[in-house]
Amino acid sequence: MHDIVIRNAEVIDGTGKPANRSDVAVDEGRIAEVGDLSRSSAKHVIDAKGWAVAPGFIDMHSHADFSLPIWPTADSMLHQGITTAVVGQCGLSPAPLLDETRAEVVAALSGFFGEFVKDVPWHEWSSIGDYLNFLTRQGISPNVLQLVGQGVIRASVMGLGEGRADQGQMATMKDQVVAAMAQGAIGLSTGLIYPPGSFTATEELIELTQTVGECNGYYFSHIRGEGDTLLESVDEAIRIGREAGTSVQISHFKAARKDNWDKSPKALQLIEKAQSEGLDVTADVYPYLAGSTSLVTMLPQWAHVGGPKEILKRLADPAARSKMSTDMQTGGFARGIEWSSVLITSSPNRTEYEGRYVSDLANQAGKPAYDWVFDALLKTQLDMGMAVFGMSEENRRREIQFPSMMICTDGFGLATTGPMARGVPHPRNYGAFPRVLGRYVRDLQVLTLEEAVYKMTGLPAQKLRLKDRGLIRPGFTADLVVFDPAAVSDRATYDNPHRYAAGISHVLVNGQFVIRDGSHTGTKPGAALRI
Ligand SMILES: [Zn+2]
């Protein structure tokens, strides 16, 4: 008698091989048998005729480490079939927090993520180890793999300013990396458009990442530029991996803004060239044409020096405003921005801005867009999120097809009720994985179902050296998704994002039902995984 048998499913095993009609049995959290199990009985039988069963999806880029302490069931992730997420991305992780600078770093993280993280129980941890223990004590629905954020380490040791690390600071930062990795982090992440990552020289990153390499860890990067400087930025990430001796993951790959669209295939070629040299360089992507981050990211780098308090002072100073608007037009994240492509996704202090475009809001207020943005950032104390429409559909298809491209949400674990249902967040939070399976596999036939599942399971598991996940194979951990290939689809839209995906019936994490018959069971069998 098995614990669970899934009968008559199209088994998509995560290797990319063609699906094969079979049964899958689960005992004590592991896949026990795959084959004709028509004679076996089980405590729970799922008749999956017409449906597919695949390994649980691995989200290569998630910020759920900031939502799991508040909302451990991470409903928007599980409803997509995500059973494991790599968190601690873009240089941002909830730890380490050092006694001397703890308040400043928490304020900076809260400033970045906004009201959303106000319920994070920061007092529960200081180190990555404490944080992961907190998650374990509390229980979580998905598995996580934690990165430690370079931005957080640098802010803790050097503050939010510019400048090169001296020897003592470098040594302290390396100690923090070694400690985080000893306590369960799998590597280092950078967010090189966000201060203080953006103030960090390549040489400093190489030196810090060498410590990661010595611990056999990974380097994940939100690279320094995804528009005008995409190619130089991909080169920098590859150089860091080469010189530090680490595996590299280029996060949420994109070529932003129309005049940079021709750079996407060139950037993919750079990745291929690095691979042909024997370097482990891969990337991940979400299947949407808009990016999303905090609105304050639009400001020039110099305006971020010193953190949120200093930013607010500059926003109130006419001379600084004038210099900011000039600089934003000539370079950086905002260069060439069309304000009609910038959608306000969250603004808890001024909810009337949510779901509207900056051009409309500025028109209505009767002021130039730059002035509206500066005033709005002041009024909301920087707490505004945005989505920016800037990517090409043709590129997206090629990027999703790219052999070493994996899939990510770049999202949080949200829910359609409760505190996580606020604002109009980017639909990728709810729909990234089903959108690949529905739109890009079934509707557009950009890739086969088996290829897509491989990019969501076997490929990332291999990259992450997860020895018993990512495939449907006897002995492997039973992270499984049962879905209907004819019906799977994203339902979240930019206007109405808080909607779970369709067509995903059952999701098992470590052998337990977290989604059963399309509903979250409330179970929290997830774990902080180590490698
Ligand atoms: Zn990022």
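The values are calculated or read from the model by the stated rules, or taken from the named source; none is laboratory data. Please read all numbers here as calculations on a predicted model, not as lab measurements. Note that we place each Cβ from the backbone using ideal geometry, even for glycine, and neighbour counts take in every protein chain shown. Only protein heavy atoms, including side chains, enter the accessible area calculation; ligands, DNA and RNA are left aside. Shrake-Rupley method; radii C 1.70, N 1.55, O 1.52, S 1.80 Å.
Structure data summary
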| read-out | value |
| --- | --- |
| The stretch 301-389: relative contact order in percent, alpha carbon pairs under 8 Å with at least 6 residues between | 28 |
| Mean separation of Cα contacts under 8 Å (6+ apart) over length of the chain, as relative contact order % | 22 |
| Extreme residue, positive dipole direction of the chain, given options Gly163, Ala244, Thr493 (C-beta unit charges) | Thr493 |
| With every protein chain in place, the stretch 301-389: carbon and sulfur % of accessible area (1.4 Å) | 51 |
| Global geometry of the stretch 319-431, whether rounded, prolate or oblate, following the gyration tensor of its Cα atoms and the 1.5 cut on a/c | oblate |
| Anisotropy class of the stretch 100-215 from Cα gyration tensor, a/c 1.5 cut | oblate |
| Karplus (6.51, -1.76, 1.60) ³J(HN,Hα), θ = phi - 60°, over the stretch 217-228, in Hz, Gly and Pro reported as x | x, 10, 10, 10, 9, 7, 6, 5, x, 10, x, 3 |
| Three-way shape label, the chain, alpha-carbon gyration tensor, a/c 1.5 | prolate |
| Charge-dipole axis of the stretch 1-154 as Lys and Arg at +1 and Asp and Glu at -1 on Cβ define it, positive-most pick from Leu37, Ala108, Gly129 | Leu37 |
| Highest-first arrangement of 330-341, 410-421, 74-85, 309-320, where packing means the average Cβ count within 10 Å | 74-85, 410-421, 330-341, 309-320 |
| Cut-off under 5 Å, modelled amide H: who pairs with Asn143 long-range | Thr84, Ala85, Ala527 |
| Cα-Cα over 20 Å, subset of Lys17/Lys463; Lys17/Lys263; Lys174/Lys463; Lys309/Lys367; Lys254/Lys455 | Lys17/Lys263; Lys174/Lys463; Lys309/Lys367 |
| Positive dipole terminus of the chain, leading residue within Val507, Met173, His222 (C-beta point charges) | Val507 |
| The stretch 354-438, relative contact order [Cα under 8 Å, separation at least 6], % | 22 |
| Backbone HN-Hα couplings from phi across the stretch 359-372 [Karplus 6.51/-1.76/1.60, Hz, Gly and Pro as x] | 4, 5, 5, 5, 4, 4, 7, x, 9, x, 4, 4, 5, 4 |
| For the stretch 285-353 and the stretch 231-277, distance of Cα centres in Å | 25 |
| Dipole magnitude of the chain, debye to nearest 20 (Cβ charges: Lys/Arg +1, Asp/Glu -1, about Cα centre) | 620 |
| Cβ charges +1 (Lys, Arg) and -1 (Asp, Glu), total dipole of the stretch 301-389, debye | 220 |
| Part-to-part distance (alpha-carbon centres) for the stretch 69-98 and the stretch 41-65, which is given in Å | 19 |
